[in-house]
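The values are calculated or read from the model by the stated rules, or taken from the named source; none is laboratory data. Just so it is clear, the structure is predicted and the values come from calculations on it, not from any experiment. Here the Cβ positions follow ideal geometry from the backbone for every residue, glycine too, while neighbour counts run over all protein chains shown.
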Amino acid sequence: MAVGLAVAAFASGAAPARAQSADEILCDQLAADPADPDKPADIRGVAAVAPMDIAKAIKFCRIAAARSRRAMYQLGRAYAANQQMADAIAAWRKAADKGSTSAMVELGVLLATGSGGARDPAKAQELFTRAAEAGNPRGVLNLLALAAAGGPPFDPAQARALLARAAQSGSAEAEFQLGVMLANGTGGPQDDVAARAMFEKAAAQGQVDAMQWMGVFAQSGRGGPQDSALAKSYYEKAAALGNADAKAALKRLDCPYVLKDKTGKVVTNLCF
């Protein structure tokens, strides 16, 4: 399984409900990570803090961070968006000390890549392991990526077991990544039926890559019934969310015949 260092952690469950201050609410609206396990279920989050919102996010998250590790993590996101990396790292360290697994992953990526200073693969592995053992699937994936990049080794079977545990709590990202490992036979036997079930669960939660994989499995009949109409439906959903592989798959469905020149180069697709 090809994996890269990933800074987002995917939600494995909503944080316990409690009264929120106005500052926390505004901090969430401006800087919540859609994939943070600490994020309340009713908060959508933003993939990146918008440039026009950076100053407000720093203001409100700084106040909210006094009582919320999530806000402290989000303060780090706002600082990073403003290229204040020293402040971002300080905020993430405080959030990680309070148990934020998303902050652990952010710090681990910086240490693994050296983008926050000197490279320290061993410390990065420690942070990823803490996040993984707390149920954060991105911690697991980054352990594998770190090992693949020449860092400390990590057992794929252990990664699969950790992803399975995270998937049990409803993490769409863990379900998807576990599905990939099951489909590829990484860390254990190949199991297309179980892989398809994981992709279906993750897709139902809006995980776009899982939608694309479900299209592939439904189109080919892998791990279950072959269903071209279902495959097209999944491809359309994934394509609408920007998945390039799904867009290409839709084109192949609509234009299945390929014309090539004498060198074998694709000239065009014939559509019917």
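Which is more than 30 Å from Leu127 (Cβ to Cβ) and of a type outside the set (Lys, Arg), of Val180, Val216, Val140?
Among Val180, Val216, Val140, only Val216 is more than 30 Å from Leu127 (Cβ to Cβ) and of a type outside the set (Lys, Arg).
State which residue pairs qualify: first residue over 7 Å from Ala31 (Cα atoms) and inside region 42-57, second residue part of a loop (DSSP other than H, G, I, E, B) and modelled with pLDDT of 95 or more in any location, beta carbons under 7 Å apart, and separation of 6 or more residues or different chains.
That search, which allows pairs on different chains as well, returns Ile43/Ala32; Ile54/Asn82.
For region 163-192, name all the residues that are small (Gly, Ala, Ser) and part of a helix (DSSP H, G or I).
Within region 163-192, Ala164, Ala166, Ala167, Ala172, Ala174, Gly179, Ala183 meet the criteria.
Can you confirm whether Gly150 is farther than 14 Å from Asp209 by Cβ, over 18 Å from the mean Cα position of the chain (by Cα) and not aliphatic (A, V, I, L, M)?
Yes.
Report the residue count in region 28-42 for those that are surrounded by 18 or more Cβ atoms within 10 Å (Cβ to Cβ) and not in a helix (DSSP H, G or I).
Looking only at that region, the number is 8.
If Ala80 satisfies all but one of (1) under 19 Å from Asn136 (Cβ atoms); (2) at pLDDT 95 or above; (3) small (Gly, Ala, Ser); (4) not in a helix (DSSP H, G or I), what's the number of the condition it fails?
Result: Ala80 passes all but (4).
Please specify each residue of region 164-189 satisfying the condition of being of a type outside the set (Gly, Ala, Ser) and in contact with a helix residue (DSSP H, G or I) (Cβ under 7 Å, 6 or more places away or on another chain).
Those that are of a type outside the set (Gly, Ala, Ser) and in contact with a helix residue (DSSP H, G or I) (Cβ under 7 Å, 6 or more places away or on another chain): Glu173, Glu175, Phe176, Gln177, Leu178, Met181, Leu182, Thr186.
State which residue is farthest from Leu111 (Cα to Cα) when the search covers only region 146-158 and only residues that are in contact with a helix residue (DSSP H, G or I) (Cβ under 8 Å, 6 or more places away or on another chain) and surrounded by 15 or more Cβ atoms within 10 Å (Cβ to Cβ).
Top of the filtered list is Pro156.
Looking at Ala161, is it within 28 Å of Ala103 (Cα to Cα), out of contact with any helix residue (DSSP H, G or I) (no Cβ under 7 Å at 6 or more places or on another chain) and at pLDDT below 95?
So Ala161 fits the description; yes.
Would you confirm whether or not region 84-106 contains a residue that is within 23 Å of the chain's Cα centre (by Cα), β-branched (Val, Ile, Thr) and closer than 15 Å to Asp33 by Cα?
Looking for residues that are within 23 Å of the chain's Cα centre (by Cα), β-branched (Val, Ile, Thr) and closer than 15 Å to Asp33 by Cα, one finds at least one in region 84-106, hence yes.
Looking only at region 46-57, decide whether some residue is aliphatic (A, V, I, L, M), under 21 Å from Lys94 (Cβ atoms), in contact with a helix residue (DSSP H, G or I) (Cβ under 6 Å, 6 or more places away or on another chain) and not in a helix (DSSP H, G or I).
yes
With the requirement that a residue be touching a Pro at 6+ places or on another chain (Cβ under 7 Å) and not hydroxyl-bearing (Ser, Thr, Tyr), what does region 145-181 give you?
Across region 145-181, the qualifying residues are Leu146, Ala147, Gly151, Pro152, Leu163, Ala166, Glu173, Ala174, Gln177.
Please indicate, with yes or no, whether at least one residue in region 132-153 is under 21 Å from Gln74 (Cα atoms), assigned to a helix (DSSP H, G or I) and aliphatic (A, V, I, L, M).
Yes, region 132-153 contains a residue that is under 21 Å from Gln74 (Cα atoms), assigned to a helix (DSSP H, G or I) and aliphatic (A, V, I, L, M).
Counting just the residues of region 162-190 that are without any contact (Cβ under 8 Å) to a residue 12 or more places away in the chain and more than 18 Å from the chain's Cα centre (by Cα), which one comes out surrounded by the fewest Cβ atoms within 10 Å (Cβ to Cβ)?
In this case the residue turns out to be Pro189.
Which of the residues belonging to region 193-236 are more than 16 Å from Leu182 (Cβ to Cβ) and outside any helix (DSSP H, G or I)?
Selection gives Gln205, Gly206, Gly221, Pro225, Gln226, Asp227.
Take region 15-67 and flag every residue that is in contact with an Asp or Glu (Cβ under 6 Å, 6 or more places away or on another chain), modelled with pLDDT of 90 or more and aliphatic (A, V, I, L, M).
The answer is Leu30, Ile63, Ala64.
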